[in-house]
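What follows is one structure encoded as structure tokens, with my remarks underneath.
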Amino acid sequence: MSMSGLRSRATLHDVVPAFVRTPDPSLIQLAANEAAYGPLPSVVEVLAREIEHVNRYPDDGAVELRHTIADWLGVECAEVALGAGSLGLLEQVMLALCDQGSEVVYPWRSFDVYPQLIRVAGATPRPVPLREERNDLDAMLASINERTRVVIVCNPNNPTGPGVGRLELASFLDRVPDTVAVLLDEAYFEYVRDPDMPDGLTLLRDRPNVAVLRTFSKAYGLAALRMGYLVARQPIVEAVDKTHVTYSVSRFAQAAALASISAQDELRERVEATVRERNRVRDALLSQGWEVPPSEGNFVWLRLGAASGGFGKDLERFGVAVKVVPDEGVRVTIGTREENDVLLEAAGAVREDLVSAGGHLPAD
Ligand SMILES: *Cc1c(COP(=O)(O)O)cnc(C)c1O
């Protein structure tokens with residue numbers, strides 16, 4: 001059997017993201033944008049009951065969950081696709097819509113995994129630099145050519161924090177050719193408080209080439225269960241469903257998502273706590289002298305340039321794991337109040353050392 005077809009796609013080395021590291025359990029984990037708290041108490045109960053049924057396959061059509069999500073969001077059942085996390089769905093979108101030679105336009109620096117997933121589908125990544133920490137929609141539009149199949153908009157942008165506004169995004173969507181699919185990655189939707197930022201679902205109407213991607217991994221605290229959903233007009237959902245890996249959305253994922261949807265009050269409380277902590281952490285870091293853009297996610301970004309790697313190592317010595325993007329910055333996930341206090345104390349101490357050593361201060 002010829003392996004050339006395989007070789008022309010990505011090698012394992014290309015596909016496994018370099019950032020994946022086994023977390024050190026002795027550190028406070030502020031590196032992966034996970035929720036600070038475990039799953040909602042009512043969800044834990046449902047999961048405990050579900051364990052009795054693991055001998056049974058999940059409902060692969062996830063009929064009940066699809067209907068529930070559709071009712072919840074006010075869309076049709078045929079407009080909802082489910083996947084193993086939003087990453088699973090991102091990969092499905094790439095496989096469904098791209099061929100060898102296709103191009104995918106996406107913001108950069110953004111979610112690490114985008115280029116890997118684009119290559120898995122045999123497509124060519126076309127990164128477009130951010131402008132003022134946001135997706136540069138004009139530059140992304142200018143990067144679209146006749147080979148472009150998909151454009152990813154990460155709103156708000158991970159790892160930097162700010163998002164693009166409603167008018168700007170709507171005007172961009174109006175100018176993207178309708179042969180190009182636009183994927184609105186709203187992984188942090190629940191944490192958004194900027195009134196100017198859109199709910200992507202309101203932009204779907206009359207736009208058959210747009211899809212909204214959301215997840216139960218972040219605000220709902222279900223990252224390990226792999227549960228994401230995509231909302232789009234039926235033709236996109238049908239195409240995405242054709243690439244679904246059978247049984248990849250587990251019984252636990254489905255049951256936990258159903259329980260989470262009916263626990264919105266519990267959720268709101270937690271998300272509010274994280275948003276309050278996000279504002280407190282950013283204000284404290286700013287007053288220590290760091291440069292921190294506003295964030296609409298459960299994380300903040302310290303623009304540290306060449307000092308990023310050193311800062312990450314310093315924080316590890318204080319027992320805190322953060323995500324370092326070498327030579328660009330450090331992303332810090334918002335944890336519990338106590339975890340954030342440790343972070344702030346560590347960052348303050350690092351800052352004082354820098355100042356007293358007369359070292360280069362990134363904010364200067
Ligand atoms: C965390 C994150 C996701 C979520 O991934 P899951 O596969 O749903 O866990 C998707 N997009 C972005 C930008 C993220 O930061």
>> Which residue is nearest to the chain's Cα centre (by Cα), if the candidates are limited to the stretch 324-340 and must be open to solvent by 30 Å² or more (accessible area, probe 1.4 Å) and under 19 Å from G305 (Cα atoms)?
In response: V324
> Taking only pairs six or more apart or across chains, which ones have beta-carbon atoms under 8 Å, a first residue in the stretch 264-290 that is within 15 Å of V332 (Cβ to Cβ) and touching a residue at least 40 places away in the same chain (Cβ under 8 Å), and a second residue that is in a helix (DSSP H, G or I) and open to solvent by 70 Å² or more (accessible area, probe 1.4 Å)?
Replying inline: E277/R337
> Here is a list of conditions, (1) part of a loop (DSSP other than H, G, I, E, B); (2) in contact (Cβ under 8 Å) with a residue 24 or more places away in the chain; (3) over 20 Å from K323 (Cα atoms), and D206 meets all of them except one; can you say which number that is?
Replying inline: (2)
>> Just to be sure before I move on: is L286 under 20 Å from the mean Cα position of the chain (by Cα) and either surrounded by fewer than 21 Cβ atoms within 10 Å (Cβ to Cβ) or among the aromatic types (F, W, Y) (or both) in the structure I sent?
In response: no
> So which residues in the stretch 167-203 are of a type in the set (F, W, Y) and part of a loop (DSSP other than H, G, I, E, B)?
Replying inline: Y188
> Within the stretch 209-224, how many residues are within 15 Å of the ligand (Cβ to nearest atom), among the polar types (S, T, N, Q) and part of a loop (DSSP other than H, G, I, E, B)?
Replying inline: 1
>> Among the residues in the stretch 145-154, are any more than 19 Å from the chain's Cα centre (by Cα), under 26 Å from Q234 (Cα atoms) and crowded, with 20+ Cβ neighbours inside 10 Å?
In response: yes
> Across the stretch 225-234, which residue is most open to solvent (accessible area, probe 1.4 Å) among those that are farther than 15 Å from R205 by Cβ and either aliphatic (A, V, I, L, M) or outside any strand (DSSP E or B) (or both)?
Replying inline: R226
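The values are calculated or read from the model by the stated rules, or taken from the named source; none is laboratory data. All of these numbers come straight from a predicted model, not from anything done at the bench. No Cβ is skipped: glycine too gets one built from the backbone with ideal geometry, and neighbour counts run over all protein chains shown. Ligands, DNA and RNA are excluded from the accessible area calculation, which covers all protein heavy atoms including side chains. Shrake-Rupley method; radii C 1.70, N 1.55, O 1.52, S 1.80 Å.
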